[in-house]
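Written out below as structure tokens is the structure these notes cover.
Here, each number is a calculation from the coordinates, and none is a lab measurement. Owing to the predicted nature of the structure, the values given are computational and were not obtained by experimental measurement. Using ideal geometry, Cβ is built from the backbone for each residue, glycine included, and neighbour counts are taken over all protein chains shown.
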Amino acid sequence: MMRAWMLPMLFVLCGALVAAPLFTGGPSGTAVALLLGFVVLAGMYSPLAFPRSIGAEEAQGRSAVDGRPVVYWRPGCAFCMRLRFRLGRKARRVHWVNIWRDPAGASVVRAANDGDETVPTVVVAGVPHVNPDPAWVRAQLAPR
């Protein structure tokens, strides 16, 4: 679990190191903006931005049982962030697979995208959809 926090902590540390001299002798507004930028970057790469990821095999098994979509994503992907935040609270109902942590998930994405690791790739009932509209994904979560 500590490995997941290394990059976000590095961003915050670098932001503090870059902003510290500006706080002491330069324009403090610039220092605050820089520090805030590094904190936002850290948030994008932190495990807090997404619900807990599971393995591709487990996600496919759960999806077969409950019919919920499987979203293959990777940290730092702006389109994945857009999907995650536009789903809101319903994001917890989707099965999330981080392709950078799960080689089986990465191979599923490559198979669906002609060898590319294009994310988010959402699989609903065994059919992959590349970068779908968040409203469409939300509709897939509606009770049937």
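Below is a table of values for the structure above.
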item	result
Proximal charge balance of R86 [Cβ under 12 Å; K/R count +1, D/E count -1]	+4
Order by protection proxy (mean Cβ within 10 Å, highest first), peptides 63-70, 19-26, 50-57, 115-122	115-122, 50-57, 63-70, 19-26
Partnerless cysteines, meaning none of the other Cys C-beta atoms lie under 4.7 Å away, in the chain	C14
Folded to 0 to 90 degrees: helix 2-25 orientation relative to the chain principal axis, Cα	30
DSSP beta bridges in the chain [antiparallel fraction, %, rounded to 5]	65
Helical mean residue ellipticity (222 nm; -39500 (n - 2.57) per DSSP H run of 4+; nearest 500) of the chain	-17500 deg cm²/dmol
Interchain or long-range residues, amide H under 5 Å from H129's placed H	V122, V123, V124
Isotropic mean projected area of the C-alpha convex hull, the stretch 20-93 (nm²)	6.1
Built amide H within the under 5 Å cut-off of W96, gap 5+	I54, V71
0 to 90° range, to nearest 10: angle between helix 28-45 axis and the chain longest Cα axis	20
Euclidean distance of C-alpha centroids, the stretch 94-142 and the stretch 1-40, integer Å	33
Crossing angle, helix 78-87 versus the chain [Cα axis fit, 0-90 degrees, rounded to tens]	70
